[in-house]
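The values are calculated or read from the model by the stated rules, or taken from the named source; none is laboratory data. Fair warning: this is a prediction, and the values are worked out from it, not measured in the lab. We place every Cβ from the backbone using ideal geometry, glycine too, and count neighbours over all the protein chains shown. Protein only, heavy atoms only, side chains kept; ligands, DNA and RNA dropped before computing areas. Shrake-Rupley method; radii C 1.70, N 1.55, O 1.52, S 1.80 Å.
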Amino acid sequence: GGAGSGSDRGGESRDRDLSGGGSYGGGGGGYSGEGNGYGGPGGPQGGAPTGLREAARLLETGRTEAALAAYRSALRMDAKNVEALCGLVDCLRELGQADEAIEAGKQILAIRPDDAEANLRMAELLLSAGKPAYLAEPYLRRATASQPTDRQLRIRLLCTSAEAALAVEDYKKAVAHATSAVREDAAEPRALILLADARIRVADYEAALRALSSAFDTLQGRQGPEVLRRRAAAHTLSAQAQERLRRYPQAMEEAQRALELDPKLTAARVVRATALQQSGRDAEARSELEGLLARDPQHVAARLQLGYLELSAQDQRAVQTLEAAVNSASASRSALGAAKVYLALALDAEDRRGAGPGNMGRPGRRAEQVIREGLSLHKNLQCVWQEVERGTCDRPVAAVQRLRGICDLDLTSLQARHLLQLLYRASGRTDLPGTGWGTPLNEGASSRPGSVSLPPSRMAFAGFGDRATPSTSAAGTPVQRMRSGSPLMRVAPNQQRASAGPSEAASPWLGETRSIGAGAGRHSPRRLSESRRRRRRRLLW
């Protein structure tokens, strides 16, 4: 696959698309790959029949229909030929016939129920078809229980586990599995793309771009439809990271490259629309999103982004658009939480104008109900609100800045104020400070409607650890947060750094740091001056 929110899959399929999908039949990773398949050269059968080798060659060169006919011909002669069944699965997946591919995978499992390769293949098929991750879990457990010794099989198992973790928004586990896969083979593009996807979810955009740079290097010079899909997915992820860093021209350029490789890649279109909106080109962004929704009315990410655009422009159509996003059956937990927050703001704004329906005769009643539902789904918002309730962030200015600093929720200063007031009302609190609300924060009189002014240091407050830390770029500038058009992202204080020995070099796309051995001189942490220690303690406090 190749789409991710970014959601642009409409729920979970978007993440799988951005991660580049599964690796089937390529360079030793699939059933017909070199030295690893059920009958490929060097596999268990020691060589494939001429007809099957020709079918595999047709599939690798993109002649999928011809390869499908060749595999079906082989199965007419031997219905239990595992290699032919695997080739049939590959062809059906390439042609987008997910259900037929899953049925063929079940035939492989009927022949070899405990085989690690067969179980892993079924898990890959279910995830790439957009099925719920819990359906793939039993197959992943059986494949893991066999403790495969083959290196390529271990890499595929780690990558598929990372995809399953991304689908359920367990970003800590996704980073861990993707990092382990890269350590197994630093030149595996699927692992690098998955690592970049996971890094974007935890707001580590620079590390994601480094992983993507390595992926582009490994894909250079390769040919085939799978390579094209991976390149398109990598460009889409790069566009996401650049947009998060507010490098809008670069984001639009990367999105265009992805669409040139795969015009059907909806994730790239949503990212391009987001960059257009943030650049002040709202009309173009609306045109892009409406065109996408005309082709796919169930696309959650596009509808959510359109709803936020209308909310920012104070367009009364925002309620209807966001209602559709909330009621979508394919919406993921993260997309649903963001949609409910925006919908609550839109409903409350309507009530203030006297145009809202209200609830049980009390204006704002439904907005309060919806914001409580959104708060229960949005973990980063929960963390900030808990700080406010504990009194650690009770001043209006500080509370607004914390809300604007959430990495996966777009809010202008006025929207953040509005959200804070709505949260106070929904929780039944009447102690909202009365000062500091008269004038906008960080928004001048010339701010265009719908624009997003630059907030303070952006943070993710939930996911890895108990403390939150700013995500900064290489130049030390606060990195911009993941906005509503993409799934929830969380970040750890140390971004799940992997440990390295005193003499080990760090891998830049892993986000690791070189550890300092004894006698490292003035740069050793043990040689910090007392004043720096005091300053560090003050900053932590």
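When a/c is below 1.5 the answer is rounded, else prolate if a/b is larger than b/c, else oblate, so apply that to segment 104-200 with a ≥ b ≥ c taken from the square roots of the Cα gyration tensor eigenvalues. Walk me through the numbers before you get to the answer.
Values: a/c = 2.11, a/b = 1.40, b/c = 1.51.
Taking the square roots of the gyration eigenvalues as a ≥ b ≥ c, segment 104-200 is oblate.
Reachable lysines from K106, Cα under 23 Å, same-chain residues fewer than 8 places away excluded? Result set, ordered by chain and number: K80, K131. In segment 44-179, the portion of solvent-accessible area held by carbon and sulfur atoms comes to 51 percent [1.4 Å probe, whole percent, DNA, RNA and ligands not counted].
Probe of 1.4 angstrom, ligands and nucleic acids ignored: what's the accessible area per residue over segment 185-275, in square angstrom? Mind dumping the intermediate values first?
Details: 2850 Å² over 91 residues.
Ligands and nucleic acids excluded, the result is 31 Å² per residue.
Calculated on the alpha-carbon coordinates, the convex hull of segment 149-220 measures out at 67 cubic angstrom per residue.
Based on Cβ point charges of +1 for Lys and Arg and -1 for Asp and Glu, what charge dipole magnitude is obtained for segment 254-382 about its Cα centre, in debye rounded to the nearest 20?
Values: 18 positive and 16 negative charges, 70 e Å.
Here segment 254-382 has a charge dipole of around 340 debye.
Placing Y248, Y139, Y71 in order of accessible area, with the largest value first and a 1.4 Å probe, yields Y139, Y248, Y71. Computed in the context of the full set of protein chains, the accessible area of segment 288-345 at 1.4 Å probe radius has 45% of its extent on carbon or sulfur.
Straight-line cross-link partners of K172 among the lysines, defined as a Cα under 18 Å from its Cα and at least 8 positions apart when in the same chain: K379.
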